[in-house]
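Contents: one structure, followed by commentary.
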Amino acid sequence: MTHEYFNPVRTVYGAGALSSLPDLMGGRRALLVTFPEARELGLAARIEALLGDQLTGVIDDVRPNPDVAELDALYNAFWSGGSAGADVIIAVGGGSAIDTAKALMVATPSGRFSELVTLLASGTAFTPPHAKTLIAVPTTAGTGSEVTPWATVWDREAQKKYSLHLPQTWPTIALIDPELMLSLPASVTLQSGLDALSHALESIWNVNANPVSDTFAVAAVHEILEALPQLMKHLDDVTLRGRMALAALKAGMAFSNTRTALAHSISYEMTLRYGLPHGIACSFPLPMVLERAIGQSQERDAVLKRALGELSDAPGRLARFIEQLGVRTSFADYGVSADQARQLVAYALTGARGKNFIGTTQESLKEAA
Ligand SMILES: [Fe+2]
């Protein structure tokens, strides 16, 4: 059977790697997109000092889970002249900063964000007339957004979630510096680490899996199962931060080619309806999705076994691993009744990510209809 793997992102990894930013810029001018705390942490000032007048502007008020209402003004200002000649967008932060940069980097013909939302909502193919180059500098170890072309854009008012992905939204460079993760609080460290675990497992129980994505995914699972509990006890250990950063990168490389599956499809509903943070919403269902995945195909079972060991008790072991980190693993723990959970899973199976799940059959889709 033939298979393909493609990822065009140049990755630069290492403690202290941020200082290579001026070299990586190659004389181009850049806009910095980051989160509000980057100012307090001194990170924005450090980048300003590194880049001097190569930096044409700073957007430092990126909110978690970027919403169309917040992106509208940013985008319109950027493309109506606020980009001030920037060739590059440098996104420094978690998934929200990187996703915001991906939404900003592609121009619509009108230069208006409302046009982008209309295109996303209708799923119309679209070639941006202009696009900026993206350098992604993650400050969390989890989203993998630094090595994928996808951005999630939320419309909380309409209770919808859009996925932006174009050939132009791949980052050019992912600059991964574990030192930038040392100040991450325990809650975000845990949520992002579990998000990475979810990316790795979701790329295995996935109809788009291939031997290359499997190799990245299995390595990521091993590393996360070992390093994340240690890191939660030693948040200031740069070696453990580095191990999780590398594991999240590998998980990102895996799902950059497969996309996610059922657990993420469930997570979008849990985030929209119940307000759960992404890393919790996409990891608490992992044991139940694993249970559904086992036995679907001998070939997938073999890869799951490489990742998790003996499969007969793997869902229970995975549940204990997640619960020992302080995250409950049943719908009831989040106020979702058994009936609501059944409906929610049925609905999640019909979503684009749900259909990537190896256990999604015509029958299960019919049941959900
Ligand atoms: Fe995720």
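The values are calculated or read from the model by the stated rules, or taken from the named source; none is laboratory data. Just so we're clear, the structure is a prediction, and the values are computed from it rather than from any experiment. Neighbour counts run over all protein chains shown; Cβ positions are idealised from the backbone, glycine included. Just so you know, the surface numbers come from the protein's heavy atoms only, side chains and all, with ligands and any DNA or RNA stripped out. Shrake-Rupley method; radii C 1.70, N 1.55, O 1.52, S 1.80 Å.
Taken over the stretch 85-132, residues that are open to solvent by less than 50 Å² (accessible area, probe 1.4 Å) and out of contact with any helix residue (DSSP H, G or I) (no Cβ under 8 Å at 6 or more places or on another chain) amount to 7. The set of residues in the stretch 271-287 being part of a helix (DSSP H, G or I), more than 16 Å from Phe321 (Cα to Cα) and more than 12 Å from the ligand (Cβ to nearest atom) consists of Leu272, Arg273, Tyr274. For the stretch 178-198, the criterion of being of a type in the set (D, E, K, R) and either in contact with a strand residue (DSSP E or B) (Cβ under 6 Å, 6 or more places away or on another chain) or at pLDDT below 95 (or both) is met by none of the residues. When you look at Glu48, is it charged (D, E, K, R), closer than 25 Å to Gly279 by Cα, free of Cβ contacts under 8 Å to residues at least 24 places away in the same chain and outside any strand (DSSP E or B), yes or no? No, not satisfied.
Anything in the stretch 331-344 that is within 23 Å of the chain's Cα centre (by Cα) and open to solvent by 30 Å² or more (accessible area, probe 1.4 Å)? List them, or say none. Result: Tyr334, single match. Only one of the numbered conditions (1) more than 16 Å from the ligand (Cβ to nearest atom); (2) open to solvent by 20 Å² or more (accessible area, probe 1.4 Å) is violated by Asn65, and that is (1). Among the residues making up the stretch 299-330, those that are open to solvent by less than 50 Å² (accessible area, probe 1.4 Å) and touching a Ser or Thr at 6+ places or on another chain (Cβ under 8 Å) are Ala319, Ile322, Val327. Inspect the stretch 106-115 for any residue being under 15 Å from Ala136 (Cα atoms), in contact with a Ser or Thr (Cβ under 6 Å, 6 or more places away or on another chain) and outside any loop (DSSP other than H, G, I, E, B) and give the result as yes or no. No, the stretch 106-115 contains no residue that is under 15 Å from Ala136 (Cα atoms), in contact with a Ser or Thr (Cβ under 6 Å, 6 or more places away or on another chain) and outside any loop (DSSP other than H, G, I, E, B).
Out of the stretch 34-51, which residues are farther than 17 Å from Met181 by Cα and open to solvent by less than 40 Å² (accessible area, probe 1.4 Å)? Passing the criteria: only Leu51. When each of Thr258, Thr215 is tested for being touching a strand residue (DSSP E or B) at 6+ places or on another chain (Cβ under 6 Å), of a type in the set (Val, Ile, Thr) and assigned by TED's automatic domain parsing to the domain that holds Thr329, the lone residue that passes is Thr258. Pairing each residue of the stretch 260-275 that is closer than 12 Å to Thr360 by Cβ with any residue that is open to solvent by less than 10 Å² (accessible area, probe 1.4 Å) and within 11 Å of the ligand (Cβ to nearest atom), provided the two are 6+ apart or on different chains, yields C-beta distances under 6 Å for Ala261/Glu202.
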